[in-house]
Amino acid sequence: MIYGHGDDIYRYGDKVKINFSSNVYSQADYTELKEHLMQHFDVVAHYPEPDAHTLEHMIAEKLGVKENTVMVTSGANEAVYLIAQLYRGWASIIPHPTFSEYEDACRMFNHIISYDVKDEMDVLPKDRIYWICNPNNPTGNVLVKGMLNHIVRKHPRYLYVIDQSYADYTLANTLDPKEMTDVFNLMLIHSLSKKYCIPGLRLGYIVASPIIIGRLKQIRQPWAINALAIEAGKYLIQHDTNMIPDLKGYLREAARLHQNLEALDDLKVMKSDTNFMLVSIARGTAQELKRWLLDNHGILIRDASNIRGLDDSYFRVTAQTPEENDLLVEAITAYLDHLTEVSD
């Protein structure tokens, strides 16, 4: 689904005034990072480290885990594809709706894919991977940490990939890598791109057993992480930069947006533990709403109808500033009024 994701602002030039389609916090202050990168811009004149070793060391030290259990990737997405490639031909269980790249990556590497966890014990091969997005995208819900810990430890025969890319966008507890160092059937995916609000630089990492990390490194291309991204990652981790200064306040605003959208008669808003939420519209389609909001208000939302398990009524939005959130509610209200006028 290379062209089917949110944050497709590149399609519309200057037409987008407010972007609700990206899950990444949009009010980050990049001033100090910009200054640092400008001072170190000469790194682009040389090849980067083949495996981002220095950055891996810093991440491991910050997490309190061994260095050989960490692998830096070009965004969390590269982590997904590398894992799918390493376990080519395995069975993969992907509960839906969830992030579409799990399925795309597994199809690329000939996995046997199932979407229902309940009926798989006697049907699929024993070599299987469970893909879990937590917090889940696009729903925003978070599975209980203790439950995940129990499931992974109870079934050591199976592999679990738990994608915690949005862990920094929730107050709910997620798995702590240093608490899972004795678990060898688990791969945790994290996203520095989302944590530090730098999706354009593509930085993520995997935490797993030394054996799994070693095998993953054998199949990935050298110089996968560009020098500027490595420099940015080193700076942000070293300075423990907080790009979301008031997460509690931000999530309160997300809850307010949730409540205001839920108050509209033709919308159903799913429960969310994060800054983004999945919405279904009873009249019209998500695609029509997306086009109308863009043409009439310069507002971009994420049409979620192409996600498995969802129909053409679903879209996703991410909380912005209070003023922008109010504009979204007003614009959707105007769209619903427009539909009423057209049908009369």
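Work out the length of the dipole vector of the stretch 61-146 about its Cα centre, built from +1 on the beta-carbon of each Lys and Arg and -1 on the beta-carbon of each Asp and Glu, and round it to the nearest 20 debye.
Dipole size: approximately 200 debye.
In straight Cα distance, which aspartates and glutamates are under 20 Å from LYS15, not counting same-chain residues fewer than 8 positions off?
Here the aspartates and glutamates satisfying the reach criterion relative to LYS15 are ASP7, GLU288, ASP295, ASP303, GLU323, GLU324, ASP326, GLU330.
Here are some pairs, LYS62/LYS217; LYS194/LYS234; LYS66/LYS145; LYS248/LYS290; which of them have Cα atoms lying more than 25 Å apart in this structure?
Numbers: LYS62/LYS217 21 Å; LYS194/LYS234 15 Å; LYS66/LYS145 22 Å; LYS248/LYS290 29 Å.
Pairs exceeding 25 Å: LYS248/LYS290.
For every helix of n ≥ 4 consecutive DSSP H residues, a contribution of -39,500 (n - 2.57) applies; sum these over the chain, divide by its total residues, and give [θ] at 222 nm rounded to the nearest 500 deg cm²/dmol.
Here the helix-only value at 222 nm equals -11000 deg cm²/dmol.
With unit charges on the beta carbons (Lys and Arg positive, Asp and Glu negative) and the dipole taken about the Cα centre of the stretch 215-344, which residue among LEU336, ALA282, SER313 sits farthest to the positive side?
Looking along the dipole axis, the top candidate is SER313.
Considering the convex hull of the alpha carbon atoms of the chain, report its projected area averaged over all viewing directions, in nm², one decimal. Intermediate values should be presented prior to the final figure.
Working: hull surface 72.2 nm².
Averaged projected area of the chain's Cα convex hull equals 18.1 nm².
Please give the length that would be gained between HIS46 and ASN306 if that part of the chain were fully extended, namely 0.36 nm times their separation in residues minus their C-alpha to C-alpha distance (nm, one decimal).
Result for the pair: 89.5 nm of gain on full extension.
From Cα pairs below 8 angstrom and at least 6 apart in sequence, can you work out the relative contact order of the chain, rounded to a whole percent?
Reported as a whole number, the value is 24 percent.
Please name which of ASN185, HIS111, ILE244 has its Cα lying farthest along the dipole of the chain towards the positive end, using unit charges on Cβ (Lys, Arg +1; Asp, Glu -1) and the Cα centre as origin.
ASN185
For the chain, what % of the accessible area comes from carbon and sulfur atoms, probe 1.4 Å? Intermediate results must be reported in sequence, preceding the final value.
On the way: 8340 of 16070 Å².
That fraction is 52 percent.
What accessible area per residue, rounded to a whole number of Å², is obtained for the chain using a probe radius of 1.4 Å? Mind showing how you got there, number by number?
Details: 16070 Å² over 344 residues.
With the other protein chains kept in place, the chain gives 47 Å² per residue.
The values are calculated or read from the model by the stated rules, or taken from the named source; none is laboratory data. Since the structure is predicted, the reported quantities are computational estimates derived from the model, not experimental observations. Because the Cβ atoms are built from the backbone with ideal geometry, glycine has one as well, and the counts that use them run over all protein chains shown. Just the protein is used for accessible areas: all its heavy atoms, side chains included, with ligands, DNA and RNA removed. Shrake-Rupley method; radii C 1.70, N 1.55, O 1.52, S 1.80 Å.
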